[in-house]
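Some notes on the structure that comes next.
The values are calculated or read from the model by the stated rules, or taken from the named source; none is laboratory data. None of these values were measured; they are calculated from a predicted model. When we count neighbours, we look across all protein chains shown, and the Cβ atoms used for this are built from the backbone with ideal geometry, even at glycine. Surface accessibility is based on the protein's heavy atoms, side chains included, excluding ligands, DNA and RNA. Shrake-Rupley method; radii C 1.70, N 1.55, O 1.52, S 1.80 Å.
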Amino acid sequence: MDDLQIIQLYWDRDPEAIAQTHQKYGPYCFTLAHRILASREDAEECVNDTWLHAWNGMPPHRPNVLRLFLAKITRRVALNRWKASQAQKRGQGELPLVLEELAQCLAQEGDPVTDAAVARELGECIRAFVRALPAREGDLFARRYFFTEPLEDIAGAWGLSVNHTAVLLYRTRQKLKDHLAKEGYL
């Protein structure tokens, strides 16, 4: 079943929408959640929560790309679960590594971004930066910092060595840091 048909099932409030979504995107959403949480049980719960959020979000929202709509929901649910697990001193997925890498270019020592408006502007600035990157660098950046893919998987997808991939990501983070400084965020 194609995405438009699945979306229409949601709009028609047909429970088959969830079954079709699970069949088509279940493994994809599970992998995304598992990369963040490193727990099969937590990832499975996140996927089930994703279906609930998709059910509650359509209507009124009609996504242009169902896969990305579900990825955003899964990622948000997994990040929330990860934050809760960190409060309980659990969780060992890819996320701590990704956050550590990004911390090098996103914040100055002792100056965390706390204002919600500034955080939104910063998010838009980063999205514009990533969109302006060449295709390979943009894909590497999104895979690592949005989808939290391990370096080995990213390198394999592009036919690169892990070291080369790490160097490209480092250079991109440096460019991001320069861009954020130029825009006045650092």
*Please give, to one decimal in nm, the separation of the simple spin-label points placed at His22 and Glu100, each 7 Å out from Cα toward the Cβ.*
3.7 nm
*Among Ala19, Thr31, Trp55, whose Cα lies farthest out toward the positive end of the dipole of the chain, if unit charges sit on the beta carbon of Lys, Arg (+1) and Asp, Glu (-1)?*
Thr31
*Order of 5-16, 147-158 by packing, highest average Cβ count within 10 Å first?*
147-158, 5-16
*Multiply the residue separation of Val65 and Gln8 by 0.36 nm, subtract the distance between their alpha-carbon atoms, and state the gained length in nm to one decimal.*
19.2 nm
_Spin-label pair Asn163/Ala132, simplified geometry with 7 Å Cα→Cβ offset, distance in nm_ = 3.2 nm
*Tally Lys/Arg at +1 and Asp/Glu at -1 over every other residue whose Cβ is under 15 Å from the Cβ of Trp11; what's the total?*
-3
*Surface accessible to a 1.4 Å probe, per residue, for the residues of the chain, Å²*: 57 Å²
_Anisotropy class of region 136-186 from Cα gyration tensor, a/c 1.5 cut_ = prolate
*List, largest first, the extents of the alpha carbons of region 1-53 along their principal axes, each in whole Å.*
35, 17, 12
*Using a probe of 1.4 angstrom, how much of the accessible area of region 34-87 is carbon and sulfur, in percent?*
50 percent
_Folded to 0 to 90 degrees: helix 66-87 orientation relative to the chain principal axis, Cα_ = 70 degrees
*Average Cα contact separation per residue, the chain, under 8 Å, 6 or more apart, as relative contact order %*: 20 percent
_Viscosity 0.890 mPa s, temperature 25 °C: what is the translational diffusion coefficient of the chain from Stokes-Einstein with a Kirkwood Rh over Cα pairs, rounded to a whole number of µm²/s?_
137 µm²/s
*Would you mind putting 159-168, 19-28, 43-52 in packing order, based on average other-beta-carbon counts within 10 Å, highest first?*
43-52, 19-28, 159-168
